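Input: a single structure, listed below in C-alpha cells.
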Protein chains: 4
Amino acid sequence: MKNNPFKGIIAYPITPFDKDEQVDIVLYKKLLERLIVAGSHAVAPLGSTGVMPYLTDQEKEAITEATIDQVKGRVPVLVGVSNLTTERTVYHAKFAEKAGANAVMIIPMSYWKLTDDEIVQHYDAVAKQISIPIMAYNNPATGGVDMSPALLKRLLEIPNVTMIKESTGDVQRMHYLRRKLGEDAGFYNGSNPLALAAFAAGANGWCTAAPNLIPKLNLDLYNAIDKNDLQEAQKVFYKQLNLLKFIVNKGLPRAIKAGLELQGIEGGFLRSPLKPLTESEVAEFKLILAELE
Amino acid sequence: MKNNPFKGIIAYPITPFDKDEQVDIVLYKKLLERLIVAGSHAVAPLGSTGVMPYLTDQEKEAITEATIDQVKGRVPVLVGVSNLTTERTVYHAKFAEKAGANAVMIIPMSYWKLTDDEIVQHYDAVAKQISIPIMAYNNPATGGVDMSPALLKRLLEIPNVTMIKESTGDVQRMHYLRRKLGEDAGFYNGSNPLALAAFAAGANGWCTAAPNLIPKLNLDLYNAIDKNDLQEAQKVFYKQLNLLKFIVNKGLPRAIKAGLELQGIEGGFLRSPLKPLTESEVAEFKLILAELE
Amino acid sequence: MKNNPFKGIIAYPITPFDKDEQVDIVLYKKLLERLIVAGSHAVAPLGSTGVMPYLTDQEKEAITEATIDQVKGRVPVLVGVSNLTTERTVYHAKFAEKAGANAVMIIPMSYWKLTDDEIVQHYDAVAKQISIPIMAYNNPATGGVDMSPALLKRLLEIPNVTMIKESTGDVQRMHYLRRKLGEDAGFYNGSNPLALAAFAAGANGWCTAAPNLIPKLNLDLYNAIDKNDLQEAQKVFYKQLNLLKFIVNKGLPRAIKAGLELQGIEGGFLRSPLKPLTESEVAEFKLILAELE
Amino acid sequence: MKNNPFKGIIAYPITPFDKDEQVDIVLYKKLLERLIVAGSHAVAPLGSTGVMPYLTDQEKEAITEATIDQVKGRVPVLVGVSNLTTERTVYHAKFAEKAGANAVMIIPMSYWKLTDDEIVQHYDAVAKQISIPIMAYNNPATGGVDMSPALLKRLLEIPNVTMIKESTGDVQRMHYLRRKLGEDAGFYNGSNPLALAAFAAGANGWCTAAPNLIPKLNLDLYNAIDKNDLQEAQKVFYKQLNLLKFIVNKGLPRAIKAGLELQGIEGGFLRSPLKPLTESEVAEFKLILAELE
C-alpha cells in the first residue's frame, strides 16, 4: 500500500464568517475542536464544506495555519488546495506542506473542460513540488469535470498521488476503483447518501461534513462495518439517512450552519451569494433532527 | 408483511429457439431444470431474459405451462405477463394464475409515456381479475417509463401488489423503497452489478439471469448476507462482478446463450433481430469465465 | 437523389376506437379524409400517432387497406410497419407494398438494446423483400434506441432505404444529416417544436400529427420556407408553437382526440391503458386553441 | 425595448499570455484591433474565451482598461465581471463602468449550486451599484448552474438587467425566451453550432469567438438573416459549421490560439493547466480551415 494516512471518518469543518462576511478564525477553531473531541479520525479544512473557492489566498493560509495550530497532531490533517490555475495550486500545496499538513486534496477545478493530459500535467506539476501525499478528488458536480477510472489510474502512477476520493454517487464507479486500484491506493467516499454502499464496496473512509452535527452516528456506522456487522451498519445508516440527504440537497455550508444553530451552537454567517436556509427549510431540518433523538 | 412468496435468488431462464427461430420447449425445460437443481430459491419465466416481448401469445402460454409442469412445486414461480395494452395484460395474468403461477410480474410497458393515473389504472385492472400477488417492476431502460417512488407507493395500495422490483441501478432509490415501504412490501433488486449494494440496503431478493451460468456464486452472495458476513459477501461479489457486468452490457439473452455454450451446454438459437455475440465478444467472455475457475 | 416521394407536410392520422376499444374504421376514414382535403402533402398511417404498437396484426392490415382505399392516389402514403421481431416487420412491409403504399416507415423498436449490426441486418432483411422505399426513423424516446449518424449512414447504403426521419429534438443532429447525407437522401423532421429549426436546417418535410387540428398553420409554415421568407415563417411558427408543445407533452393520440372534440369533431375512444386528457388539461388546451382564432 | 446596446456579431477576444504565462497586453490590443477592423458589431473582453476566471483582479482591470483604450468608442464594449462572490462581482462591475464599458455580462458562477433567490439577490446587489445595463448569461457547462426561464424572467424585472445570453444549446429554450420576453429584452445566442437556429428563432445577436478566425463568414450569416434570405443564410452557415463545432469541442482559448497561428497570426501562450492543441488536433484544424478557402 502506498503512503496513505487516512481511514474511517474524515470530518469537514465549515468556514464561518462574521457579520461583515469576514472569516471568523476564533469561531472556526471552536468548531474544529468539536470535530476532534467527537472522535473524528481526521479533519479536512478548505474543502467544499469550507467554501474554499470563495476565499482569498490570505484567508486560505489563515485557515490552514489555524487548523494545524488547533489540531496539534491529535489527528491527521488533509488540506484542500485546489485552484483553477496550476501556479496557484502549487503555491497552496507548498504552503500546506510547510504549515504541517499530512496530505493535500486536489480536485481539477475547471472552467474550460480540461483534457486528460492537462489534468495529469496539473497533478504532476504539484506533486513534484511537495513530498506529502495527494488525494485526487473526483466530483463533477462541483469541479466541472468527471475523471474517468482510466484517468484516475494514470494519476495514481504519480508517486505521491496515493488516494482517490469519489463523489459521483455511482456505486459502480466505486466497484471499479476497488477492483482496479486494489490495495495500492486508498479509496474514499465523498457522497454522504452512499456511505453504506461505499463501505460495503470496500471504501477506506468517508469524507463528510456530517460530524459537525451527528458525529456519533457517523462513527457508529464505521465501527459496525469495522466489526463486519452489516445488520447493525444498515440500522445505523438508515437512522441518519434523512439528515445526510437533507444536508447534501441544501448545500453543505448552508445546511451545517443551520444544523449547528438548531443544536444551540454558533455557526457564524455565510459569505454572499450564499444565504441562510429559508424558514421552511429550517423547520424541515428541525423535524429531521428531532427524529434522531 | 403482505403476501410475498419470494426471497433470495430468483432465477430467470432464457427462452431458447430452434434453428427456424421457433420456441424450443424441450430445451427450455432442460435449462429450467438446471436452475432448480442448482438451488435457486425461485424461477421467473417470461422476463426480459426470456425475451417475452418477442413472443406470440401462444408461445407465452406454452412457456408458462411448461414451467409449471417442470417445476412441480419445488420452488415458487413468478410469471412475466406485461403487455402494452391493458386487455392483453389481464389476459396473460389470468392465464398464469390458472396455470398455477405463484405470482405475476408486471412492468408498465409503454410506447406512449403513461401518466401515473394510467399506470395505476393499468395495475388495478389486472389486480381485480386475479388473486395471486403482483410484483411491480420498474426498469426505465426496457419499459420506457420510470415509476417514481411516490407512484410505487400508490401501486402498493392495491391489495395484491405486494412486491417491487427495482432495476434503475440507483442505490438511493433502493434506500427510499426500504425506508418508505418498510416491512409492508418485498423489495427486489433487478440490477446485477448492484447486487451487493442492494443486499446491503436491505433487498429481500435478487432477480437475476446469472444462475444460468454461476449459480453457486450467486447463492454464496445471498448466504453471506444472510449470515451477516459482509466481508465474505464483498469477496464473493467482487469475484463475480466482471461476469455480471458483461452479461448486462451485452444483453442478457445473447450473453446467457453464449455463456452456456462456453460451458458446453446447448443454448439454442436467438430470434431476429437479436444475433449471437461476435467472435471477439465470445473471446472476451471466455476470459471472464476462466477467471472464475 | 434517391427515390424519395415525400416533401412538405406529412400528416399522421390517429387510429380511433369505439366504446369497446375496437378499431373504428368508418371514423378513421373520415378523419383521414380531413387531412387530405386540408392539403397535406402526404399521409402516414400506423405511426406513433396511430398507436400502431397497440394494434393486432389484423387491425394493422385493416388500417393499411382503409388508407389506400380512401386516399385513392391523391397523395403519397407512408405506412408504419415497425415491429420488435424481424419476421413481423417483413410481414407488414410486404403487406403494405401489396396494398399499394408508396413507402414504409421503420423504427428499430427494441426491448433489448440492439447493436448496430443487428439494426443493419434488420433493415436489410426487410429491404430485400420489398421494392418500395423505406424511411428509417430515429426516435429514442419511443423506440428505445438512438441511432447514431454513423449508423444512419450505413442504413442509407441499403438501396431502398432513401429517407431519414429524425425525432431526437437535437438540431445539431439535423445539421449532421444535412451535411453528411447531402442531396442523396431525404431528411424529415419528426419533432414538432423544432419545425422551424429543422426547415431552417434544410429538412425536406415535417412528419406531424398537427394537421389533424391546425392544417393551415402547418402548411403556411412550409410555404413561407418554400418562398424563402424567414420572417413570415418565424411569425407563423410562433403562432402555432404553444399548440405543438402541448400535443407533444400530453402524448399525440390523447391530445389529438381532445383537440378534435374541442373543435366539434368526433375523435372516438382510446385503447387502455391510454386514457383521455384530464379536465384541467382539456381546459388548458381550450385556451391554447382559442389563442389561434 | 429596454436599454440594449447590442445586435449582430459580438466578438470575443482571447487573452494572450507571454512565455512566462503573464498577460500580454500589447498582443491583446493587436488581436482586439483585428476584431474591430473586421467589422464586428461589438466586442466582449473577459468572457470565457478570454479565460477571465484564470486571471487575477489586477489582470482583469488591465484588460478592461486596454479594451476601452483600444476601441475608442468605435463599437460598444461588453465586459465580463462574473465572480464566485457577490462582493468581487460588484467590485469588477463598478470598475468596468468607471472605465467606460457600455454594459457588463454576468454569469452566476457557482461552486455550491445557488438557489433562485440567491441568484436574484446576487444580480440585484450588482445592479444597484451600477447604471449601465447587465447581460445575464446562462451557461450551465461553464457556470455550473442552469437558470430556468422562470428565473431569467425574474432577473429581467431588475431595471438594468436588459439582456439574456443563452448557451445551453437548446432551441426550445430560445423559443421560450423570444415568446415570453418579447421585445422587452434582448436575447443573444452564445452557442456557436446553433447560430442559424438561434437567428431563425429571432435572436438579436450572436456572441462568438469565431470572428478571431472567420469574421467575414460570421458577418455574412448575420447579413443574410438581416435581409430575410434564409437560403443564403443556410448556405453560409453550413460553410462555417465544421469550424464552429471544432472550436467549441476543443475549448475556445486553445482552439482560437491554434487557429490564429495556422493563419500566420501570433496567438501568444496559454496559462496552465490549459495546454496547446495536440499535433493531430492542429492537423485536423488545418484541414477544416483549408476547406474554407
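The values are calculated or read from the model by the stated rules, or taken from the named source; none is laboratory data. All of these numbers come straight from a predicted model, not from anything done at the bench. Cβ: placed from backbone, ideal geometry, glycine included. Neighbour counts: every protein chain shown.
For the range D:247-290, how many residues meet the condition of being buried (at least 18 other Cβ atoms within 10 Å of the Cβ), out of contact with any Lys or Arg (no Cβ under 8 Å at 6 or more places or on another chain) and small (Gly, Ala, Ser)? Number satisfying all stated conditions: 3. Of all the numbered requirements in (1) in contact with a Lys or Arg (Cβ under 7 Å, 6 or more places away or on another chain); (2) in contact (Cβ under 8 Å) with a residue 12 or more places away in the chain, residue B:238 misses one, and that requirement is (2). In summary, residue A:145 fulfils each of the numbered conditions (1) without any contact (Cβ under 8 Å) to a residue 40 or more places away in the chain; (2) out of contact with any Leu (no Cβ under 7 Å at 6 or more places or on another chain); (3) within 11 Å of another protein chain (Cβ to nearest Cβ) with the single exception of condition (2). State yes or no: is residue A:269 over 23 Å from residue A:25 (Cβ atoms) and not hydroxyl-bearing (Ser, Thr, Tyr)? So residue A:269 fails the test.
Answer yes or no as to whether residue C:232 is free of Cβ contacts under 8 Å to residues at least 24 places away in the same chain and among the acidic types (Asp, Glu). Here the answer is yes, as residue C:232 does meet what is asked.
Is there a residue in the range B:179-189 that is hydroxyl-bearing (Ser, Thr, Tyr) and closer than 26 Å to residue B:135 by Cα?
Step one: list which residues in the range B:179-189 are hydroxyl-bearing (Ser, Thr, Tyr), which gives B:188.
Restricting the remaining residues to those that are closer than 26 Å to residue B:135 by Cα gives B:188.
For the range B:179-189, residues hydroxyl-bearing (Ser, Thr, Tyr) and closer than 26 Å to residue B:135 by Cα: present.
Looking only at the range B:109-126, residues that are modelled with pLDDT of 95 or more and under 20 Å from the mean Cα position of the chain (by Cα) come to 2 in all. Within the range D:169-205, the set of residues being within 12 Å of another protein chain (Cβ to nearest Cβ), over 18 Å from residue D:148 (Cα atoms) and polar (S, T, N, Q) comprises just one member, D:192. Among residues of the range D:274-292 that are part of a helix (DSSP H, G or I), those with a beta-carbon under 7 Å from a residue that is at pLDDT 95 or above and among the polar types (S, T, N, Q) at least six positions away or on a different chain give the pairs D:288/D:242; D:291/D:242.
Scan the range A:246-273 for residues that are within 14 Å of another protein chain (Cβ to nearest Cβ) and either under 18 Å from the mean Cα position of the chain (by Cα) or within 21 Å of residue A:192 (Cα to Cα) (or both) and the total you get is 13.
Residues checked against (1) more than 10 Å from chain D (Cβ to nearest Cβ); (2) closer than 22 Å to residue A:68 by Cβ; (3) of a type in the set (Ser, Thr, Tyr):
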{"position": "A:84", "(1), (2), (3)": "no, no, no"}
{"position": "A:100", "(1), (2), (3)": "yes, yes, no"}
{"position": "A:111", "(1), (2), (3)": "no, no, yes"}
{"position": "A:118", "(1), (2), (3)": "no, no, no"}
